[in-house]
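Remarks on the structure that follows.
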Amino acid sequence: MLIALETYLDRPLIDYFDWIGATSTGCYIMSTLMTGGSLRHAQRYYLQFKDQLFDCWSRPYDTKTLETFIKRSFGEERKMGDIKYPRFFCTAVRADTFPVQLDLCRNYRLPISDKENEDLGFTDPMELMMWRAVRRSSAAPTYFAASEGKFIDGGMISNNPVLDLMSEICFWNTTCQKEKVPEKMVDVGCVLSVGTGVTPICPVDPSVFEMNDWMGLLRGIRNLSLVVIDQATATEGAPITRSRSWCHSLGIPYFRLNAPIFKDVILDTNDDNELAKIMWDSVVYSNTHKKDFQEVAELLKAVGPVDERKELLKI
């Protein structure tokens with residue numbers, strides 16, 4: 001979908017965005033773009049990645065293979081702070097406390113003192129390797145071991161990070177107001193939200209939630225846990241409604257791009273046939289919604305590329 005959108009633009013997609021929030025697989029795509037790779041480059045990474053990593057029947061998959069691939073892709077020595085612009089964060093979940101905490105791995109800090117940043121949880125981006133931030137955000141439970149023994153996939157709390165992105169910008173602007181530096185405030189011109197596929201809705205027998213006996217209790221608890229996980233990691237439905245409403249209340253254009261796919265494909269599939277079908281579903285969506293893609297592109301071009309705003313804001 002991003003490749004299709006880029007065909008309507010005058011320059012690479014990444015050149016139009018000032019602030020990016022990403023979760024799990026989104027971190028791989030955005031990190032590729034921010035380290036000089038293209039969208040086609042990212043696509044090739046994925047096709048290599050699935051064969052190198054998902055090469056056995058047991059889970060979790062080999063952590064060393066995963067980390068070696070990420071380091072090779074984004075650089076072993078590149079720090080989050082080395083990417084000066086756009087502002088960017090990867091979502092992760094810190095799971096060594098209860099309740100667990102959402103952790104944003106940022107490449108920026110607030111325009112306040114170092115101590116105030118530390119107190120607010122804005123750690124120094126020069127102290128975090130970029131590959132480590134991506135690793136934290138994509139540590140999907142059961143598929144991969146926790147990163148550093150305590151960070152798991154950001155999708156467990158923020159599978160659709162648009163609300164966290166909007167909250168972050170709001171907090172940034174509030175800080176700028178407090179510090180009396182209005183020239184650093186962010187005026188949002190457009191919000192683009194990109195999903196990883198809408199799976200078909202399947203009918204479910206309500207009796208699977210009944211707990212009339214011991215077997216029913218076990219079955220019911222299992223099915224209820226699946227419902228809880230599904231809602232906690234939802235990217236459609238309520239997260240979209242809330243994001244769109246927030247944007248509309250502020251007069252900000254909001255776009256959501258997400259292709260319906262033929263079935264719910266598991267994260268670790270390396271079946272070329274299934275992956276080709278998913279990509280084809282995205283191609284079909286990009287063509288049937290061509291008008292929407294063109295509208296997004298025209299708005300992005302009207303807002304202008306980042307380098308023009310960086311000069312204006314003296315960033």
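The values are calculated or read from the model by the stated rules, or taken from the named source; none is laboratory data. Note that this is a predicted model, so its numbers are computed, not measured. Backbone-built Cβ (ideal geometry, glycine too); neighbour counts: all protein chains shown. Each accessible area value is taken on the protein alone, full model and side chains, heavy atoms only, with ligands, DNA and RNA left out. Shrake-Rupley method; radii C 1.70, N 1.55, O 1.52, S 1.80 Å.
Where a ≥ b ≥ c are the square roots of the eigenvalues of the C-alpha gyration tensor, would you call region 5-134 rounded, which needs a/c under 1.5, or, failing that, prolate if a/b is larger than b/c, or oblate? Walk me through the numbers before you get to the answer.
Working: a/c = 2.06, a/b = 1.15, b/c = 1.78.
Here region 5-134 falls in the oblate category.
Report, for the chain, the % of DSSP beta bridges that are antiparallel, rounded to 5.
Details: 11 of 21 bridges.
Antiparallel bridges: around 50 percent, rounded to the nearest 5.
Would you mind working out the magnitude of the charge dipole of the chain relative to its Cα centre, with +1 at each Lys and Arg C-beta and -1 at each Asp and Glu C-beta, to the nearest 20 Debye? Mind showing how you got there, number by number?
Working: 36 positive and 43 negative charges, 77 e Å.
For this selection, approximately 360 debye.
Where in the chain is the longest stretch that carries no GluC sites (Glu not before Pro) classed as loop by DSSP and with at most 16 other Cβ atoms within 10 Å? Before the final figure, lay out each step's value.
Numbers: sites that count: Glu76, Glu77, Glu148, Glu179, Glu210, Glu236.
The longest such stretch corresponds to 237-315.
Cα axis of helix 290-303 to longest principal axis of the chain: angle in degrees, 0 to 90, nearest 10?
30
Between Phe262 and Glu116, what is the FRET efficiency for a Förster distance of 45 Å, r being their Cβ-Cβ separation, to the nearest 0.05? Can you show the working numbers first?
Details: r = 50 Å, r/R0 = 1.11.
Once the sixth-power term is evaluated, E becomes 0.35.
Take the chain, mark every one of the trypsin sites (Lys or Arg not before Pro) that falls in a DSSP loop and has at most 14 other Cβ within 10 Å, then report the longest stretch left between them, sites excluded. Kindly include the intermediate steps, with their values, before the conclusion.
Working: sites that count: Lys84, Lys180, Lys263, Lys314.
Counting at most 14 other Cβ atoms within 10 Å as exposed, the longest clean stretch of the chain is 85-179.
Going by a ≥ b ≥ c, the root eigenvalues of the Cα gyration tensor, does region 19-60 fall in the rounded group (a/c under 1.5), the prolate group (a/b larger than b/c) or the oblate group?
Details: a/c = 4.09, a/b = 1.70, b/c = 2.40.
It comes out oblate by the Cα gyration axes.
Which Cα, out of Leu13, Tyr28, Leu128, lies furthest along the positive dipole direction of the chain (beta carbon charges, K/R +1, D/E -1)?
Of the candidates, Leu13 comes out farthest on the positive side.
Mind running the shape call on region 55-120? Use the C-alpha gyration tensor, a ≥ b ≥ c as the square roots of the eigenvalues: rounded below 1.5 for a/c, prolate if a/b tops b/c, oblate otherwise.
The shape class here is oblate.
Output the 0 to 90 degree angle, nearest 10, between the alpha-carbon long axis of helix 63-74 and the longest principal axis computed from the alpha carbons of the chain.
Taking Cα atoms only, the helix is inclined about 30 degrees.
Out of the total accessible area of the chain (probe 1.4 Å, heavy atoms of protein only), what percent is carbon and sulfur?
Values: 9700 of 17300 Å².
Of all accessible area on the chain, carbon and sulfur atoms account for 56 percent.
Kindly report the accessible area of the chain per residue (heavy atoms of protein chains, probe 1.4 Å, no ligands, DNA or RNA), in Å². Walk me through the numbers before you get to the answer.
Working: 17300 Å² over 315 residues.
Heavy-atom accessible area per residue stands at 55 Å².
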